Amino acid sequence: MANPHQSNPIWLLILFCCYYFILSEKVEVVEATRRNFFNPQSSDSTIVSNVYRTSYHFQPPHNWINDPNGPMYYKGIYHLFYQYNPKAALWGNITWGHSVSTDMINWIPLDIALNPTKPFDIDGCWSGSATILPSLNKPVILYTGSNQEKHQAQNIAFPKNLSDPYLKEWIKPDEYNPVMSATGDINPLQFRDPTTGWMGSDGYWRVALGAEIGGVGMALLYKSKDFVEWERADKPLHSPRGSGMWECPDFYPVAMEGKRGMETSVNSEYVKHVLKMSLGETHSDHYLLGRYDEEKDMFIQDNEEKEKNYRFWRRYDYGNFYASKTFFDAGKERRILWGWSNESDSKPDDEAKGWAGIQTIPRMVWLDENGKQLVQWPIKELESLRRKRVQFHDKELKAGGLLNIKGVKASQVDVDVEFELASLEKAEPFDSALELDPQVLCEKENFSTQRGIGPFGLLVMTSLNKDELTAIYFKIFKAHDRHVVLMCSDQRRSSLRSGLYLPVYGAFVDIDIEKERRISLRTLVDHSVVESYGGGGRACMTARVYPVFLVTSQANLHAFNNGSETVRILDLNAWNMAKPSINVPQDQFLV
């Protein structure tokens, strides 16, 4: 058996991934957290079937994961750390799991990077970020540690051996830690999740932390000259008084033109800044757009009138997606977003399966041309998994029409479709009272109701008799001065299994449908996860589904139109997706 550290590790990683791809072409490989997510208390023995385990999404072989932590690109290798319980499929015993990759598709697992071994983190090594110090070309981790009293503080960790490109071992120096403690008005139970650092023109580093002071969620700001000794700034980076505790804040620049990503310290008249927070009120990741005033060390939101109500704040993803983290990929000059998708089955189910939680497909993020929202799209590397394709072109879907998309494995597929609307005359009137509640509007809708413009879209993970299915669709409404595009992901009929959380997700897609007369939908289906990107990535939704039929039979895939007007499919492409190598121990393949 070859020792992977005796040769160039980057080429070894590439060869390993290539070997696994060849193998996957020939055979199909089978394979409560501090946040109060819905978890019914029931279990069904069929849940343990491997058909619910994802094939091309990131997850470890066993046990619980949650937040992505400290993603970075360093010396040609992508690193992903993540909150991990090495002992069970439930939250607890939190460590930092660690995997490496050359393409963010195939991943090699490494030993745990951070274990709770010190008084300042003995109750858990919680979320944090990685920063590469340019003067030293050295990565540094800042993370939250929970002590024996469950008080939270921020700690620093350094790689033990910079000559190791995998950065397998990390040191938590006693002489420095903790580097930031909860003092004064800070609640030590609500003080966590440091961001990636950025440097100002004054030569000082800054990081933001999530906190709640006096019932108000905010991003506290800390400054340091050497990245070791930190002082709290006089004012928060931002405190809009619109929500409770902010978890997992993120702060980064985006170019006002183009898709090119920017290093986190960039600040100029040609960029906007994104301030993101994870909110317990909605179990979602929200973000604000604005500018960073370095002189005041404050984030200034674009539309301050709407900052005091988080219902106005946009979301990365309107489905099962939380605790996300971005990083700047210097190798390809792009900003990449990772996010956690929790299970929506029960805790007993997770214990029976032996695993819980995935990371969504890494997404490239940039500012939309309108300057009002972000756009997200799966990284280009994902397309390397595409295999057999089924294609339709210029296909009419009349009222009540259903197109059966045969020839692909519908439980492991990438489908991309563009719809064209000939007329909008029959669009139903829009209820302006629901302007802030697209999910409520989706709950009132039914994808099988035939009226107006839509619903039209995709039926995925569908049983033969259609008693189990997940619908992702659009519907067009007419407001007094514009047309409104609603996107829904409806899991109410996704499974006949009892004890599941079966929500409906909804979002408005910010496009000019009257001008464009067309809208796209891309959906990634991977067994128990359905990721959808509407309007070219302007609205995203992640769903978790566990259909009973999948244990004994194959899934089906359909395009449908239940509106009263004909919809045309300009193009529809569906690809079988290969199974990459994700956290398979090296010694199983490297011989």
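The values are calculated or read from the model by the stated rules, or taken from the named source; none is laboratory data. Bear in mind that the values here come from a model prediction, so they are computed numbers and not experimental data. When we count neighbours, we look across all protein chains shown, and the Cβ atoms used for this are built from the backbone with ideal geometry, even at glycine. SASA here: full protein model, heavy atoms, side chains in, ligands and nucleic acids out. Shrake-Rupley method; radii C 1.70, N 1.55, O 1.52, S 1.80 Å.
Per-structure values
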item	result
Three semi-axes of the equivalent ellipsoid, region 199-266, Cα gyration tensor, whole Å, largest first	23, 19, 9
Neighbour cut-off at most 12 other Cβ (10 Å), DSSP loop, GluC sites (Glu not before Pro), region 249-309	Glu257, Glu269, Glu295
Contact order relative to length of region 59-187, as percent, for alpha carbon pairs under 8 angstrom and 6 or more apart	17
Share of carbon and sulfur in the accessible heavy-atom surface of region 157-268 [1.4 Å probe, %]	47
Region 359-448 - Kirkwood radius from inverse mean 1/r over Cα pairs (Å)	17.6
Calculated SAXS-style log₁₀ I(q)/I(0) at q = 0.14 Å⁻¹ - region 324-395, Debye, Cα scatterers	-0.72
When the convex hull of its Cα atoms is projected in every direction, mean area for region 32-167 (nm²)	9.7
Largest-first principal axis extents, alpha carbons of region 476-589, Å	61, 34, 22
Ratio of Rg to Rh over region 155-234 (Cα coordinates, Kirkwood Rh, two decimals)	1.02
Lysine pairs in region 74-166 with Cα atoms under 24 Å, if 8 or more residues apart or on separate chains	8
Computed over region 117-270, Kirkwood Rh from alpha-carbon pairs, angstrom	16.3
Descending Cα extents along the principal axes, the chain, whole Å	70, 61, 44
32 Å Cα-Cα threshold exceeded, pairs from Lys398/Lys478; Lys276/Lys475; Lys406/Lys475	none
Assigned charges on the beta-carbon of Lys, Arg, Asp, Glu; region 396-504 dipole about Cα centre (debye)	420
C-alpha center-to-center spacing [region 524-562, region 388-402] in angstrom	17
Exposure of Met487 as accessible area (Å², to 10), given a probe of 1.4 Å and all protein chains	0
Accessible surface, region 460-591, averaged per residue in Å² (probe 1.4 Å)	30
Accessible surface of region 384-506 [probe 1.4 Å, protein heavy atoms]: carbon and sulfur percent	47
Binned Cα-Cα distances of region 252-404, short to long, each 5 Å bin given as a whole percent	2, 8, 14, 16, 15, 14, 11, 9, 7, 3, 1, 0
Value at 222 nm in deg cm²/dmol, rounded to 500, when DSSP H runs of n ≥ 4 in the chain each add -39,500 (n - 2.57)	-1500 deg cm²/dmol
For peptides 469-479, 351-361, 200-210, sequence by mean Cβ density within 10 Å, most packed first	469-479, 351-361, 200-210
Surface accessible to a 1.4 Å probe, per residue, for the residues of region 243-352, Å²	38
